Every structure is written in structure tokens, then in C-alpha cells.
């Protein structure tokens, strides 16, 4: 199945190895911060090479039963670093989403039930990490990407 429609959403995304991490959450929840933390984790060797796809707004497309994410042209390679403003980094054109991180998730629990660790985006079921307000998302994402 191929869908050419491309929905623009308020989110950030990075390419970590072969798959993209889609980071969702309300304004001010830390999407840009998590994206940059993941880029730094890749540079430090904690993850495979990690590259920005898009910050603040990304486009989602379903192609061949996979969810693709790409940045919007006008923000290509731009990321907000709180305290520094808008900065420029290397970026990837697109990636296949392999994980969705929901910041400020109201259903985040210490031991989440299996159904909370999945989400449906554009009709596709994807792995999900719900992160509660005040909890650091980076260790959870690193654990997901580096453990079984």
C-alpha cells in the first residue's frame, strides 16, 4: 500500500541507525532537547550514528506498510537549542519510523501494560514509549534502542 498524502505534524524526529524515532508532545515538553540528546548519544557511541530528520514540524507518509518521516524544507537542518536559539546540524532527508516517544504522556506508568507500549499512527501499529511529565526520556529511549 502506498499513500502519497503527507501529513504535517508538530513533532521532531531523528534517524538512529536504520530507524527513525518520532518524538511527539506539547509545545515546551522537550522534543528538541530529546532529539539533540539522541544526536549527542550517537556521537558519543552510545547509539549508531544519529542524525536529525526534522525539528518542530515533520511530515508523515505511509509507503509499502511503513511510516516514513521527513522534515519540512524550510526547517531543514535547523534545531532549537534552549538558551542558544536556532542552530544548524547535519540532517537526513527521511527515515522509517521504528519508535514513537510521547512526552508528557498521561498514561505513563512505572510498569506500563503492553498496550501502552504500542500506538497507531496513520493506520500502522508502532512501538511507543510514554514518558511522564518530569521524567527524563533519554534513558528510556536508550534502553529501548539498546536492549531486548
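Filtered by the rule that a residue be without any contact (Cβ under 8 Å) to a residue 12 or more places away in the chain and in a helix (DSSP H, G or I), the range 96-139 gives 114, 115, 139. Residues in the range 1-37 that are under 20 Å from residue 67 (Cβ atoms), touching a helix residue (DSSP H, G or I) at 6+ places or on another chain (Cβ under 6 Å) and in a helix (DSSP H, G or I): 34 alone.
Exactly one residue out of 47, 40 is part of a helix (DSSP H, G or I) and surrounded by fewer than 21 Cβ atoms within 10 Å (Cβ to Cβ): that is 40. Scanning the range 55-74 for residues that are free of Cβ contacts under 8 Å to residues at least 60 places away in the same chain and more than 16 Å from the chain's Cα centre (by Cα) turns up 73, 74. Taking the conditions (1) under 19 Å from residue 124 (Cβ atoms); (2) at pLDDT below 95; (3) touching a helix residue (DSSP H, G or I) at 6+ places or on another chain (Cβ under 7 Å) in turn, residue 49 satisfies each one other than (1).
The values are calculated or read from the model by the stated rules, or taken from the named source; none is laboratory data. Note that the coordinates shown come from a computational prediction; the quantities given were computed from them, not determined experimentally. Here Cβ is always computed from backbone atoms with ideal geometry, including for glycine, and neighbour counts include all displayed protein chains.
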